[in-house]
Amino acid sequence: MSLSHLEDELKNGLPSPVYLLNYKDYFYLVYALKMLGDSVDEGDRTFNFDVYDLDAGDEQASMAEIIDTLNMASLFAGRRFVCIKNFQKILKGDTARLAKYVENPSSTSVLLLFNQLKEKDKRDQSPDKSLQAKPITLDFNERELFSWAQKKIVSYGCSITMEALKFLKEICGDSISKFTNELDKLTLLGKKKIDTADAAEAVFGSKGFTIFQVAEAIIRGDKSNAIKMYVEIRDGLDEIMALGALNYKLEKSIKTGSPAFLKSYEYLNEANKNLRGANQKYPLEFLIYNLTSIFGSPPSR
């Protein structure tokens, strides 16, 4: 299941009265809300499309108000879409109130509960089981993400290689919001066919050196030039994305399972943990120094 499944449900008129929409990255919430809103005629949106937020502070509507909206007859013959953001923050008392509505839902409204899951949390994050809702996980798997990305690029009159998409995914990690932002940059390049080099230029800019050249110097064991090139391009560089680019290039250049591969993975993993940890400090020059040490020094001239 993914956003594609929600799209299919939408084409069928959202036949279930209540949906539980699980997601991890904020991108899926924004994209799904836009998709739902766009499906309602623009003139009817004010009356038949409502979005509530359970994390809105003083402006937060009460559950009684939300249920009143659900039971209100929709105008202009269309069904009313009532969306609740941050459903993971619902209070126990409100869960009981909503469960009573779900037992006998309005035939003229559809309730969509957006439930954000915590990253890498293996515990069950489902809401109270008393809420009978049709569950859909909005997150794309990798194949679905790449298929969606290619369609998005094609809609701009361009095409993109699969390797370029894999490169973007590598440097953006689990952040689909960051992935889509970088994807949007590619459409501004003015290229009809976008490859990995184009993607690297869009992400890191067209400076004197590129992060790929740094990786190539590392593989040659050219410690001095690798660090020199990195120092020249590091200003304004997203270190997490630079780390992803180094990982992408080294993974393609070193034999999988070799001692150099395993040691490189160890250093890259250490840097990743430090950059994503509480301190978020790890000079990539230190990583580059360690990586080039794996491959030795270039022959003297």
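The values are calculated or read from the model by the stated rules, or taken from the named source; none is laboratory data. Remember, it's a predicted structure, so these values are computed and weren't measured experimentally. Every residue, glycine among them, receives a Cβ derived from its backbone with ideal geometry; neighbour counts consider all protein chains shown.
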Tell me the helices (runs of 4 or more DSSP H) entirely within the range 5-72 that contain at least 1 residues that are aromatic (Phe, Trp, Tyr).
-> 26-38, 45-48
Find the residue count for the range 217-250, including only residues that are of a type in the set (Lys, Arg), in contact with a helix residue (DSSP H, G or I) (Cβ under 8 Å, 6 or more places away or on another chain) and more than 22 Å from residue 175 (Cα to Cα).
-> 2
Counting just the residues of the range 1-48 that are of a type in the set (Val, Ile, Thr) and surrounded by fewer than 18 Cβ atoms within 10 Å (Cβ to Cβ), which one comes out nearest to residue 134 (Cα to Cα)?
-> 30
Please enumerate the residues belonging to the range 187-203 that are in contact with a helix residue (DSSP H, G or I) (Cβ under 7 Å, 6 or more places away or on another chain) and modelled with pLDDT of 90 or more.
-> 194, 195, 196
When residues of the range 80-97 are filtered for being in a helix (DSSP H, G or I) and touching a helix residue (DSSP H, G or I) at 6+ places or on another chain (Cβ under 6 Å), how many remain?
-> 2
Close pairs from the range 248-264: first within 10 Å of residue 219 (Cβ to Cβ), partner assigned to a loop (DSSP other than H, G, I, E, B), Cβ under 6 Å, at least 6 apart = 260/254
In the range 128-171, residues that are over 20 Å from residue 248 (Cβ atoms) and of a type in the set (D, E, K, R) total 7
Cβ-Cβ under 7 Å pairs, at least 6 apart or on other chains, the range 134-146 side within 14 Å of residue 183 (Cβ to Cβ), far side modelled with pLDDT under 95 and outside any helix (DSSP H, G or I) = 140/2
Residue in the range 241-257 that is at pLDDT 90 or above, acidic (Asp, Glu) and not assigned by TED's automatic domain parsing to the domain that holds residue 28 present | no
Right, residue 159: modelled with pLDDT under 90 and hydroxyl-bearing (Ser, Thr, Tyr) or not?
-> no
Could you list all residues from the range 78-115 that are under 21 Å from residue 10 (Cα atoms), surrounded by fewer than 18 Cβ atoms within 10 Å (Cβ to Cβ) and among the small types (Gly, Ala, Ser)?
-> 78, 107
